[in-house]
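Accompanying notes for the structure given below.
The values are calculated or read from the model by the stated rules, or taken from the named source; none is laboratory data. Predicted model, so just to flag it, every value in this text is computed and none were measured. Cβ coordinates were reconstructed from backbone atoms using ideal geometry, including for glycine residues, and neighbour counts include every protein chain displayed.
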Amino acid sequence: MKSFQTILLIVFAFFIVGAVLIFSGVLGGGSGSQDKLIAQPVIMWGTVSKSTMEDILQKAIDAGDKFEITYVEKRADSFEAELIDALASNKGPDLILAPHTLVLKQRDKLLPLPETAFSRRLFMDSFVEAGETLLGTDQEGGESIVLGLPLFLDPIVMYWNRDMFTKAGLSAPPSTWLEVQLLPERLTKLDERGNIVEGAVGLGGVNNVSHFKEILSAQIMQTGNKIVTFALGRASVVLAEGTNAESALRFYSEFGNPSLPKYSWNSAKRSSLDEFIAGKLAIYFGFGSELGIIEARNPHLNFDTANFPQISSGERRLTYADVYTLAVIKNSSVQNAAYAVAYRMSLGVAADIAGSELRLPPARRDLLSVADEDPNVALFESAAVISKTWFDPNWVVTRNIFADMIESVLIGKLSPSSAVSAASARIQDLLNI
């Protein structure tokens, strides 16, 4: 996957490492000194399996990178809590590899890169657009900062059951939301009591719809409606501006309305992932990283991957993605070595190796210029190019806000317009803290 542009980026990355260290006052320059610093021991935490990460690092070392990294695997559901506890007792890592949502939530514990060390232009030229949520502004001086460096992406894609489509006489998965809206009449099966036996698509619910927040976020952003914007160094919620978010919320919730032809989901169902794996759900919207989970849990399931549906008349093609980011811990005793490792991993050969080992798209633009031989990975890479995110101040709280917004419409407590306004106000309160 290497190209001339890739080689230039890698070479340039090493120059950047020197600039950072010179800026910090640690070095006066010289590649030998840089390599010596990079060889300092760095402790990195992440949710990638230990065996996989050690394989990635070893292959990077064999290719010429110089690391001395002690990698510690953490469970995704306890990563954040363990990180907070460890930092409170000064026993935390020097570097983390975590989704951008965790990086944003714990940004006060991280040491960002200033504009002088990594410019916005270099960042935007190097990484796909989804990573730009890591670009911010120093509240004290108003200077541009980078919260971390992206390594790989995990985009939301569409998984579809080929047998269920064939049985219904459908030859291909939908590419637009209009097509998705018509599927329940062909694919949703009810018993004599009106219970859903087989569902067309996992939409219209909250707790049992995996990634409901990410799905609805993507639908809102597809309309051109942003969720949070930055102006003059301040973040502002624009979710309720116009009627696009309201329309997206109404469309999503209607799949849970039994009085409509598009009815396809209710709270009695298992999680949408479980339903899909069991062969009871025709379409599942999930992360690319779930491909291996589906394959392992039901080796006989006849399914395929496809792009996340788009608005028929929409000018913006996009899906949502988690951006796995290398971020330096503020109280690390080897900050500069951690910086150097993050640079070499994100702009060096490790990024390409990580993408291949994880079957996920790297965050670098140049590495996405040649399609992968694996058709699923190639699709994930195309999804990475159009992926978007938003500045989420606290992913745990905003998940509850999105859940309340959807639930209030499903039970008829609020109109879509009122629900969006209420959610917008609550997110703004988070930003004002």
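When we screen G224, G242 for residues that are surrounded by fewer than 18 Cβ atoms within 10 Å (Cβ to Cβ) and touching a helix residue (DSSP H, G or I) at 6+ places or on another chain (Cβ under 8 Å), the only hit is G224.
Within the range 117-163, the set of residues being assigned to a helix (DSSP H, G or I) and among the polar types (S, T, N, Q) comprises S126, T133. Does P309 satisfy the criteria of being closer than 28 Å to L379 by Cα and surrounded by fewer than 21 Cβ atoms within 10 Å (Cβ to Cβ)? Answer is no for this residue. Taking A338 as the residue in question, decide whether it is under 18 Å from P150 (Cα atoms) and out of contact with any helix residue (DSSP H, G or I) (no Cβ under 8 Å at 6 or more places or on another chain). Here the answer is yes, as A338 does meet what is asked. Looking across L190, L113, L170, L203, one residue alone is more than 27 Å from L360 (Cβ to Cβ), touching a residue at least 12 places away in the same chain (Cβ under 8 Å) and either assigned by TED's automatic domain parsing to the domain that holds E290 or surrounded by 20 or more Cβ atoms within 10 Å (Cβ to Cβ) (or both). It is L170.
Of the residues that make up the range 281-295, is at least one outside the structural domain of P93 (by TED's automatic domain parsing), small (G, A, S), surrounded by fewer than 17 Cβ atoms within 10 Å (Cβ to Cβ) and touching a helix residue (DSSP H, G or I) at 6+ places or on another chain (Cβ under 6 Å)? No, there is no match, as no residue in the range 281-295 is outside the structural domain of P93 (by TED's automatic domain parsing), small (G, A, S), surrounded by fewer than 17 Cβ atoms within 10 Å (Cβ to Cβ) and touching a helix residue (DSSP H, G or I) at 6+ places or on another chain (Cβ under 6 Å). Being of a type in the set (D, E), surrounded by fewer than 22 Cβ atoms within 10 Å (Cβ to Cβ) and modelled with pLDDT of 95 or more is a property that E198 has. Restricted to the range 398-414, and to residues that are free of Cβ contacts under 8 Å to residues at least 60 places away in the same chain and more than 22 Å from Q106 (Cβ to Cβ), which residue is surrounded by the most Cβ atoms within 10 Å (Cβ to Cβ)? Checked the range 398-414; the qualifying residue surrounded by the most Cβ atoms within 10 Å (Cβ to Cβ) is S408. For the range 395-433, a residue qualifies if it is part of a loop (DSSP other than H, G, I, E, B) and either within 23 Å of N266 (Cβ to Cβ) or at pLDDT 95 or above (or both), and the qualifying residues are I411, G412, K413, L414, S415. Does the range 271-290 contain any residue that is of a type in the set (D, E, K, R), more than 18 Å from L187 (Cα to Cα) and under 18 Å from the mean Cα position of the chain (by Cα)? Within the range 271-290, one or more residues are of a type in the set (D, E, K, R), more than 18 Å from L187 (Cα to Cα) and under 18 Å from the mean Cα position of the chain (by Cα). Do the conditions hold for T223, that is, is it within 24 Å of I406 (Cα to Cα) and of a type outside the set (D, E, K, R)? For T223, the condition - within 24 Å of I406 (Cα to Cα) and of a type outside the set (D, E, K, R) - is met. Just a yes or no: is a residue in the range 359-381 within 13 Å of the chain's Cα centre (by Cα), in a loop (DSSP other than H, G, I, E, B), closer than 21 Å to M124 by Cα and of a type in the set (S, T, N, Q)? No, the range 359-381 contains no residue that is within 13 Å of the chain's Cα centre (by Cα), in a loop (DSSP other than H, G, I, E, B), closer than 21 Å to M124 by Cα and of a type in the set (S, T, N, Q). Is at least one residue of the range 146-165 closer than 30 Å to L326 by Cα, in the same structural domain as L367 (by TED's automatic domain parsing) and without any contact (Cβ under 8 Å) to a residue 60 or more places away in the chain? Scanning the range 146-165, I find at least one residue that is closer than 30 Å to L326 by Cα, in the same structural domain as L367 (by TED's automatic domain parsing) and without any contact (Cβ under 8 Å) to a residue 60 or more places away in the chain, so the answer is yes.
Does the range 221-229 include one or more residues that are assigned by TED's automatic domain parsing to the domain that holds L291, at pLDDT 95 or above and part of a helix (DSSP H, G or I)? Yes, that holds for at least one residue. For the range 72-125, the set of residues classified as in contact with a helix residue (DSSP H, G or I) (Cβ under 7 Å, 6 or more places away or on another chain) and among the basic types (K, R) consists of K74, K105, K109, listed by residue number. Tell me whether the range 317-331 contains one or more residues that are in contact with a strand residue (DSSP E or B) (Cβ under 6 Å, 6 or more places away or on another chain), over 30 Å from K91 (Cβ atoms), touching a residue at least 24 places away in the same chain (Cβ under 8 Å) and surrounded by fewer than 20 Cβ atoms within 10 Å (Cβ to Cβ). Checked against the condition, which is being in contact with a strand residue (DSSP E or B) (Cβ under 6 Å, 6 or more places away or on another chain), over 30 Å from K91 (Cβ atoms), touching a residue at least 24 places away in the same chain (Cβ under 8 Å) and surrounded by fewer than 20 Cβ atoms within 10 Å (Cβ to Cβ), the range 317-331 yields at least one hit. For the criterion of being of a type in the set (S, T, Y), surrounded by 21 or more Cβ atoms within 10 Å (Cβ to Cβ), under 23 Å from W395 (Cβ atoms) and modelled with pLDDT of 95 or more, S253 passes.
The set of residues in the range 164-209 that are in contact with a strand residue (DSSP E or B) (Cβ under 6 Å, 6 or more places away or on another chain), outside any helix (DSSP H, G or I) and within 17 Å of D304 (Cβ to Cβ) comprises P173, L183, A200, V201, G202.
With respect to E254, determine if the residue is without any contact (Cβ under 8 Å) to a residue 60 or more places away in the chain, in contact with a Leu (Cβ under 6 Å, 6 or more places away or on another chain), part of a helix (DSSP H, G or I) and farther than 24 Å from Q428 by Cβ. Yes: the conditions hold for E254. Within the range 68-89, restricting attention to residues that are of a type in the set (V, I, T) and not in a helix (DSSP H, G or I), which residue is surrounded by the fewest Cβ atoms within 10 Å (Cβ to Cβ)? Looking at the filtered set, the residue picked out is T70.
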